[in-house]
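A short worksheet on the structure shown next.
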Amino acid sequence: MGESIHVPLASLLPGLAASTKENPPGSNPVTLPGRTFYIETFGCQMNEHDSEKVAGVLLRRGYRQVVSPDDAGLVFYNTCSIREKAAQKVFSRLGEFNPKNNAGRESGKVIGVLGCVAQQEGEEIFDRAPWVSLVCGSASYRKLPLLLERLESGERRVSGLETDTEEAFETELTRRNHPFRAYVTIIEGCDKACSYCVVPYTRGPERSRDSGSILGEIRELADVGYTEIQLLGQTVNSYRDPSNRHLIFSELLLAVAEIPGIRRVRFMTSHPRDMGTDIVDAIDASAALCDHVHLPVQSGSTRVLRAMQRTYTREEYLEKISLIRGVRRPISITTDFIVGFPGETERDFEETLSLLHLAQFDGAFSFQYSPRPHTAAALMSDAVPESEKLRRLQVLQERQRAIQVQRNQRLLGQTFEVLVEGASRRETQWTGRTSSNRVLNFTSPRKELLGEYVQVRVTGAGPNSLTGEQCIEYVPREAADGS
Ligand code: SAM
Ligand code: SF4
């Protein structure tokens with residue numbers, strides 16, 4: 001398992017023999033001919049952002065990004081293993097490079113598996129897909145330059161699988177995919193121990209970044225024109241500043257909101273246990289902090305929450321909802337649910353439906369429970385049959401859809417500020433998001449709107465999005481009042 005087969009990489013990738021001395025850390029990215037990479041990401045926004053940083057590392061080393069694996073010398077899959085289906089997808093992608101499926105021909109590419117599947121399966125990936133050359137979990141990304149160097153100097157198989165790190169993954173260069181919204185990881189890993197979840201195993205222990213480094217990065221982002229920042233972490237609100245400023249999460253939020261040029265600050269994902277009054281008060285006080293909180297509940301039954309080791313009861317979660325709904329500013333709340341956790345009875349599920357009704361979420365992601373390796377729940381008996389999981393999922397999704405239609409219809413006639421993120425093929429159609437993270441598709445006679453903040457009046461409401469028209473004549477209230 002994991003033996004090193006030495007095949008000079010230069011013979012696989014023209015141009016790869018270039019010395020790393022030509023491209024020392026800190027130098028400007030130089031593209032060397034033939035050094036091309038493709039990266040595909042599965043899973044959450046944290047993975048999306050990790051891929052942006054990995055792309056930055058590669059660009060720094062002189063690689064050029066391409067949009068198709070066919071054109072790439074280096075093909076990386078940044079993987080997700082949160083549910084079994086997500087993990088399976090990666091192996092089907094890897095299968096495309098199996099020489100057996102290509103009349104015995106090697107693809108001539110260097111294939112790398114990054115992220116959660118890499119961490120979970122480890123070097124066994126080399127046994128399952130011997131044409132893979134690199135396996136690296138997210139807690140080892142800071143070692144990527146070294147691993148790449150080893151590949152470039154001829155090693156055929158390299159891996160980075162340690163999780164016992166206290167460091168976060170800092171890069172000199174990040175290749176951001178979104179032109180207006182920049183993701184910024186503030187905390188990596190997870191120290192909670194939800195019994196169904198593979199993340200603490202795949203992403204390692206919780207590591208918060210130094211607040212100075214976070215704020216410095218965001219100032220640079222503002223300088224190059226980003227106006228919306230999304231702070232990321234598996235439990236983003238568990239942030240604890242390791243620097244001697246010792247900022248707590250709400251203080252960090254307010255500090256980010258004050259950076260000149262930053263108009264919107266989002267954060268994801270919050271753990272209910274660490275959602276305190278200070279965070280809600282900060283959102284209430286600062287218009288730059290978006291009026292949206294994603295607060296996964298997972299179940300409405302305290303019995304199931306206990307088995308999930310979520311560290312709160314149904315009542316405590318509902319108190320958090322009251323706290324958020326109790327401030328002056330309307331704050332939208334979205335959540336995650338898992339149905340069919342081992343031992344979940346019909347009565348437990350009814351409690352989930354009643355919580356759904358009481359909480360009136362603005363959006364919800366819901367999943368059928370999927371047993372994951374290395375988790376406590378994988379050893380639990382009393383599995384819910386797959387057909388019953390599916391039935392519960394459908395009931396929950398139908399109820400939530402009706403709630404969303406109702407909640408969105410209340411917004412008809414209201415005007416919202418929208419950050420314009422896309423244009424449709426029809427010239428007058430645009431799309432963007434409100435501060436509350438609702439998608440608003442709207443019409444405007446204007447030709448250039450991408451990246452702008454515009455006022456849009458809502459004229460239609462569906463379960464997942466709103467429609468509207470731009471208020472061209474809009475005058476901000478303060479200006480109209482003369483205040
Ligand atoms: N850190 C977040 C939190 O504390 O809620 C969630 C992270 S996880 C990437 C996103 C969602 O995947 C979870 O909220 C949960 O609903 C779902 N999930 C995690 N493990 C799961 C499993 N084994 N089966 C089904 N869904 C799962
Ligand atoms: Fe997984 Fe729980 Fe950590 Fe979220 S808080 S990443 S669900 S262990």
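Quick check: pseudo-label points 7 Å beyond the Cα along Cα→Cβ at Ile248 and Ala378, how many nm apart are they?
Spacing of the two 7 Å Cα→Cβ label points: 3.7 nm.
Rounded to a whole number, what is D in µm²/s for the range 284-343 from Stokes-Einstein with the Kirkwood radius over alpha-carbon pairs (20 °C, 1.002 mPa s)?
Values: Rh = 12.8 Å.
Here the translational diffusion coefficient equals 168 µm²/s.
Could you compute how fast the range 302-409 diffuses translationally, taking Rh as the Kirkwood radius over C-alpha pairs and applying Stokes-Einstein at 20 °C with viscosity 1.002 mPa s? Give it in µm² per second.
Working: Rh = 14.9 Å.
Answer from the Stokes-Einstein relation: 144 µm²/s.
Using 10 Å bins from zero, what percent of all Cα-Cα pairs in the range 221-319 falls into each bin?
15, 42, 30, 11, 3
Return the percentage of antiparallel bridges among DSSP beta bridges fully within the chain, rounded to the nearest 5 %.
35
Return the unpartnered cysteines for the chain, using a Cβ-Cβ cut-off of under 4.7 Å.
Cys44, Cys80, Cys116, Cys136, Cys190, Cys290, Cys471
Would you mind checking the pairs Lys320/Lys389; Lys143/Lys320; Lys143/Lys389 and listing those with alpha carbons more than 30 angstrom apart? Walk me through the numbers on the way to the answer.
Numbers: Lys320/Lys389 27 Å; Lys143/Lys320 40 Å; Lys143/Lys389 41 Å.
Pairs exceeding 30 Å: Lys143/Lys320; Lys143/Lys389.
Just to verify a number: what accessible area does Lys109 come out at with the full protein assembly present, 1.4 Å probe, Å² rounded to tens?
40
Indicate, rounded to the nearest 5 percent, the antiparallel portion of the DSSP beta bridges found entirely in the range 168-261. It would help to have the intermediate numbers written out before the result.
On the way: 3 of 8 bridges.
Percent antiparallel among DSSP bridges in the range 168-261 is about 40.
In percent, what relative contact order does the range 69-175 have, based on Cα pairs under 8 Å that are 6 or more apart in sequence? Before the final figure, lay out the partial values.
Details: 147 pairs, mean separation 23.7, N = 107.
Relative contact order of the range 69-175: 22 percent.
Along the Cα→Cβ direction, 7 angstrom out, place labels at Asp336 and Glu124. What is the inter-label distance in nm?
For Asp336 paired with Glu124, the spin-label model returns 2.3 nm.
Averaging sequence separations of C-alpha pairs under 8 Å and six or more residues apart, then dividing by the length of the chain, give the relative contact order as a whole percent.
Values: 974 pairs, mean separation 46.7, N = 483.
Reported relative contact order: 10 percent.
Could you give the spread of the C-alpha atoms of the range 131-254 along their three principal axes, from largest to smallest, in whole angstroms?
47, 39, 28
So which aspartates and glutamates pass the test for Lys100, namely a Cα distance under 18 Å, with those fewer than 8 places away in the same chain ruled out?
Correct list for Lys100: Asp70, Asp127.
Can you give me the Cα centroid spacing of the range 40-114 and the range 293-336 in angstrom?
Cα centres, the range 40-114 to the range 293-336: 36 Å.
Pop a pseudo-label 7 angstrom from the Cα along the beta-carbon direction at both Arg240 and Glu149 and give the gap in nm to one decimal.
Spacing of the two 7 Å Cα→Cβ label points: 3.4 nm.
Taking R0 as 30 Å, what's the FRET efficiency between Leu450 and Asn98 from their Cβ-Cβ distance, rounded to 0.05? Provide the component values of the computation, followed by the final result.
Working: r = 41 Å, r/R0 = 1.38.
The computed FRET efficiency comes out at 0.15.
Counting only Cα atoms, I'd like the Rg/Rh figure for the chain, Kirkwood definition for Rh. It would help to have the intermediate numbers written out before the result.
Details: Rg = 23.8 Å, Rh = 24.3 Å.
Result: Rg/Rh = 0.98.
Per 0.36 nm of contour for each residue apart, how much would the distance between Asp281 and Thr459 grow if the chain were fully extended, relative to their Cα-Cα spacing?
Numbers: separation 178, 0.36 × 178 = 64.08 nm, distance 3.11 nm.
Extra length from Asp281 to Thr459 when fully extended: 61.0 nm.
Can you give me the accessible area per residue for the range 329-483, using a 1.4 Å probe, in Å²? Can you show the working numbers first?
Details: 8160 Å² over 155 residues.
Result: 53 Å² per residue.
The values are calculated or read from the model by the stated rules, or taken from the named source; none is laboratory data. Everything quoted here is computed from the prediction, not taken from an experiment. Please note: Cβ atoms are built from the backbone with ideal geometry, for glycine as well, and neighbour counts cover all protein chains shown. For the accessible areas, the whole protein counts, side chains as well, though only heavy atoms, and no ligand, DNA or RNA atoms are used. Shrake-Rupley method; radii C 1.70, N 1.55, O 1.52, S 1.80 Å.
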